[in-house]
1. Taking the condition touching a strand residue (DSSP E or B) at 6+ places or on another chain (Cβ under 8 Å), crowded, with 18+ Cβ neighbours inside 10 Å and assigned to a helix (DSSP H, G or I), does A:Ala135 pass?
2. Quick one: which helices (runs of 4 or more DSSP H) sit completely within segment B:158-253 and have at least 2 residues that are surrounded by fewer than 18 Cβ atoms within 10 Å (Cβ to Cβ) and out of contact with any helix residue (DSSP H, G or I) (no Cβ under 8 Å at 6 or more places or on another chain)?
3. When A:Gly36 is evaluated against the numbered criteria (1) at pLDDT below 95; (2) closer than 24 Å to A:Glu111 by Cα, which criterion, by number, is the only one it fails?
4. With the checklist (1) in contact (Cβ under 8 Å) with a residue 40 or more places away in the chain; (2) more than 14 Å from chain A (Cβ to nearest Cβ); (3) more than 15 Å from the chain's Cα centre (by Cα); (4) more than 25 Å from B:Asp42 (Cβ to Cβ) in hand, flag the one item B:Tyr175 doesn't pass.
5. What is the residue count in segment B:86-103 for residues that are more than 10 Å from chain A (Cβ to nearest Cβ), among the hydrophobic types (A, V, I, L, M, F, W, C) and either closer than 14 Å to B:Ser55 by Cα or surrounded by 14 or more Cβ atoms within 10 Å (Cβ to Cβ) (or both)?
6. Residues being without any contact (Cβ under 8 Å) to a residue 12 or more places away in the chain and either within 14 Å of chain A (Cβ to nearest Cβ) or assigned to a strand (DSSP E or B) (or both): count how many of those fall in segment B:110-153.
7. Out of the residues in segment A:50-68 meeting the condition of being small (Gly, Ala, Ser) and out of contact with any helix residue (DSSP H, G or I) (no Cβ under 7 Å at 6 or more places or on another chain), tell me which one is nearest to A:Ile28 (Cα to Cα).
Amino acid sequence: MSVLCIDLPPVAPDYSGAASALFDLGGIVVMHDASGCTGNYTGFDEPRWFGSRSAVYCSGLRRMDAILGNDKKFIDGALMAAKDLNPTMISYLGSPVPMVIGIDLEGMAAETEVASGIPCFGFNTTGQHYYDRGASDVFLKLLRYFAEPIEGIKTNRQGKRFVNVLGLLSIDMGSEKNAEEICACIEEAGFSINASFAMGLTLEQVRRAANADINIVTARCGLDAAEYMKKRYGIPYICTVPVGGGSLFRKKLAGESPVIQPPEGKRGILIIHEQIFANSLRELAASFSDIPVTVGSMYGLDTRIAMEHDLDLPTEKSVREAINSGRYSVILADPEIGGILKRENVTFVELPHVALSGRLYLDRYPSYLGESMETMIRNAVLAAQERQQG
Amino acid sequence: MRKIAIYGKGGIGKSTTTSNLAAALSDAGYRVLQIGCDPKADSTKNLTGGKQISSVLDALREKGEGGLKAEDVLFQGYGGVWCVEAGGPTPGIGCAGRGIITAFEKLEELGAYEICKPDVILYDVLGDVVCGGFAMPIRGGYAKNVLIVTSGEMMALYAASNIVSAVENFGKRGYARYSGVILNARNVPDEEMLVQKTLDEIGGDILSIIPRDSAVQEAENRGKTVIEALPDSEMALCYRKLAARVMEVTEEV
């Protein structure tokens, strides 16, 4: 019973992350489910869905289809849609039922590719992992399939320095505005955007991904792709996202040493959000104060980018215990988490996250860059300092 | 590396043939991994002195997903042949096909192939391709060649025909390729002719004829393969010839 979500909504699953990563690529996405998973993605997890023209379909998997193994029916449906839409690619995404009965999505994709001549992919999403894993699997598969060898493209650079931005996912950033401002910040620092995974991504960008001089991982979903490109092409990477005025980010891009993290202590700040975003906010706070900041992740704590005292918060119970523990005087987290904060004398700062609250607080979504974010962190630090002194 | 799936009607002698093939390949200097894909989990018994090893699903049941280690499911038998049993659910409940898929996923997660570094992987698969799980060994990334064990009996040939249809249905998916049959003789009159007649319809060749011989039973009674128990026997020679033939008709991946 300890894993029940009583007050918090369930978090965005892997198929939502995969669909969101594929959203801008001009392909057909077939979510192989009865309709609930597609509805979850389109209605809650994808802020860009309403008004968009992205071809995300539900396969309408039914009992007899599962029993009889009617793969052909779905392949034919995808082929028919492809005739009308002329897609760049076709992707099948799994959900709990295909996982339970072991549908071979990669086999279906292979069969569809033979019939259509269009690149087709099967992604074994199951609904049992978090959104970042689904997006990460998409990035890796796209790179393995489309990215061209480095020798063929590292020419005619005209003195430019190229950057791949890995981790511009709407489920983390809420809006295209955040992604655009991050890219603009990178360009202002003297770099050219080579590819932006995933908001704004095109197949052409994926093909030339090996052309980058550096990869910037702006959310955890981009980390495996960065490691893959480091191993495969020798492209170095940094994990950071510009926040506030962006000065720390620019220093990192220029190769300067990162801010030293103050030691853990009581009555500090707890930030529960996407890990790299939360890490970057922690660095911003550390740039002008010695208030201890802990990062908590509800999507599994990736130890590659975590500090020793950071928190893995896999259940509502663990979130409830952490925020009501008395260890933190200021908490920055999604407004839904504010609803289960019972302790007095704790300052709660709203930091919406689509992965948890979907479209509920889009009108209050944080702008990563700009005065308001800087002010938010300064005020959070001030509140923590006051509590520390009091 | 060669990846070979052995299919055939239930009770036709797949596990006996596969274990003897594994032992013969090992004697010939190959590193072999045999994966039993039958919920009964008795494919490799004759390679491990008649003892049944812990299956992947048994180990999962006991240790949970997080606690599983490679040494819980990987065992070495005669001649260093690596033995794995996928296992299955409690009889009468659960889903055996999904169990096979889970076992395969776990083997990858545990890095089993990197540990064994096999030259040849033999997948010994239960009877017919009854659902997605039992097609798992021939899906992309697993077996490249499918061999079918059959006798001249009608039901065995019928099953062989069904298996070939299933494999060919998956042709567009890049699954494994049907590469012939092993005739495990049951002393049916005109047995070779009957099998050949079926092959004229479904395609493929008889790769090897394994005669019916009491040496097999004698070795099994000692919990061993013929290769181990009676290495100088006629039957051992048969299995060694089969091993050589299998290496001829299968492809490196």
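The values are calculated or read from the model by the stated rules, or taken from the named source; none is laboratory data. Because the structure is a prediction, the values reported are computed rather than measured. Cβ: placed from backbone, ideal geometry, glycine included. Neighbour counts: every protein chain shown.
1. Details: touching a strand residue (DSSP E or B) at 6+ places or on another chain (Cβ under 8 Å): yes; crowded, with 18+ Cβ neighbours inside 10 Å: yes; assigned to a helix (DSSP H, G or I): yes.
Taking the combined requirement at face value, the residue satisfies it.
2. By residue number, B:191-202, B:214-221, B:234-249.
3. Among (1) at pLDDT below 95; (2) closer than 24 Å to A:Glu111 by Cα, A:Gly36 violates only (2).
4. (2)
5. 3
6. Start the filter on segment B:110-153 by keeping residues that are without any contact (Cβ under 8 Å) to a residue 12 or more places away in the chain, which leaves B:114, B:141.
Checking which are either within 14 Å of chain A (Cβ to nearest Cβ) or assigned to a strand (DSSP E or B) (or both) leaves us with B:141.
Residues that pass the stated criteria total 1.
7. It comes out as A:Ser54.
Okay, residues lined up against (1) hydrophobic (A, V, I, L, M, F, W, C); (2) part of a helix (DSSP H, G or I); (3) assigned by TED's automatic domain parsing to the domain that holds A:Trp49; (4) in contact with a helix residue (DSSP H, G or I) (Cβ under 8 Å, 6 or more places away or on another chain):
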| residue | (1), (2), (3), (4) |
| --- | --- |
| A:Ile337 | yes, yes, no, yes |
| A:Asn345 | no, no, no, yes |
| A:Phe348 | yes, no, no, yes |
| A:Ala355 | yes, yes, no, yes |
| A:Pro366 | no, no, no, yes |
| A:Ser372 | no, yes, no, no |
| A:Arg378 | no, yes, no, no |
| A:Ala383 | yes, yes, no, no |
